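The values are calculated or read from the model by the stated rules, or taken from the named source; none is laboratory data. Every value quoted in this text rests on a predicted model; they were computed, and no experiment measured them. Using ideal geometry, Cβ is built from the backbone for each residue, glycine included, and neighbour counts are taken over all protein chains shown.
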Amino acid sequence: MGGFLSKIVIKTITKVVKNTSRFDIVIDDLIDKFKDSCPPKPELLRLVKQKNQIQSALTNLTDTINTL
């Protein structure tokens, strides 16, 4: 059972790290692209969606760790 739970935790952590990396790249690009103006609404909505995905993955990870 311990091996199974370890695999779940590792898989979840990997997913969080990948999403966080993508989020950092998007933020850096947006900062460069819009340093002198505000981003358009579609860009902001896309960013919020990605943030929510990362937050959801972190919540899943926290729930998994708390269960252990």
The listed residue being modelled with pLDDT under 75 and under 15 Å from the mean Cα position of the chain (by Cα), out of ASN60, ASN19
ASN19
Residue pairs meeting the criteria (Cβ under 9 Å; at least 6 apart or on separate chains; first exposed (fewer than 10 other Cβ atoms within 10 Å of the Cβ), in region 28-54; second part of a helix (DSSP H, G or I)):
CYS38/LEU44
Here is a check on your reading of the model: is ILE31 hydrophobic (A, V, I, L, M, F, W, C), in a helix (DSSP H, G or I), more than 19 Å from ASN66 (Cβ to Cβ) and in contact with a helix residue (DSSP H, G or I) (Cβ under 9 Å, 6 or more places away or on another chain)?
no
